[in-house]
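Rule-based calculations on the coordinates, nothing more; no lab input. Note that the structure is predicted; figures quoted are calculated from it, not measured. When we count neighbours, we look across all protein chains shown, and the Cβ atoms used for this are built from the backbone with ideal geometry, even at glycine.
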C-alpha cells in the first residue's frame, strides 16, 4: 500500500487554475496567492481574468502570475494552453480543474452539439489538461490535482442530463485517478452545492421554457446560490492541504448526498419541488467567464 502523502505545501508552488475569472476560481486564486503560490490562471473572459491577475499582482508583487485566455470547449486551444504552461512553468505542483458550464432543459430538446459542448468543457477539458500536465505533476514531489464536480455529480435531477452526465463523469474519473496516483500525486474531488456564482445572472433558457416560467426559475435558482464563494474556496484549499479525497460543500449538499445514498430510487421525490423546478427552468448557463457553475 502506498505511503500517504504529507500535507500539501502551497508556498513557492505553482498552481494552474481554470475558471479563474470569477466565482470559486477567482477566490481560490486569491487564496493560493495569500498562501505563497505562483499562479497560472485560465478563463475565456479576458477582461475579468486580467482584472483578477492585476489584483493579485498588486497585493503580492513577488509572485509570478500568468493569465491565459482559453475556450475550454476548443480541444486545440486546451492543448496549446497546456503546452504554454509546460514551457513557461515546468514546475507545476497544483492543477485545479474548476471551470464549467451548465445547460438546462429536457434532454429531448437538447441538440447533440449542445450536449457535447457541456461535455467538452466540463469533462473532456479537465481530462486533457490533467493528461498533458501529469508528467510535470509527477516530476514535482507532493503535487496535487483538484477536479470540481457538483452536487449534480451526486444526484441526477430532471432537466440537467448534460450537466449531470458531465459531473458524474468528472466524479468517476477523479475517483479512479486518485487510486492510480496514490502515494505520488494527491487527488481531490469537490462537490459544491448552492455556492454563490454568476450562474443565475448569465443563464440562458432552453427553447421549450416559456419566458414567465424561465424568469420564475431564475429567481428560484438564485435563491439556492447563497453560500459565499470565498468560503467554498477556503474549504477546497483546506482539503488540498489535508489531502482529502473529497469535499462536499454546504450542509445542504451533504444532506442531499446522504438522502440520495439512503434512498437511491426515490430521493428526488423527497427533495422534489425546489431543486427540480430550479433544475428544469434554469438554464443553459453559459457562464461568460467560463467559470464553474456548480451552484447546485
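Just report the Cα centroid separation between the range 1-67 and the range 90-132, whole Å.
Result: 20 Å between the Cα centres.
Take residue 241 and residue 6, extend 7 Å from each Cα along the Cα→Cβ direction, and tell me the distance between the two endpoints in nm.
1.6
Note down the nm distance, to one decimal, between modelled labels 7 Å out along Cα→Cβ at residue 116 and at residue 230.
Those two pseudo-labels are separated by 4.2 nm.
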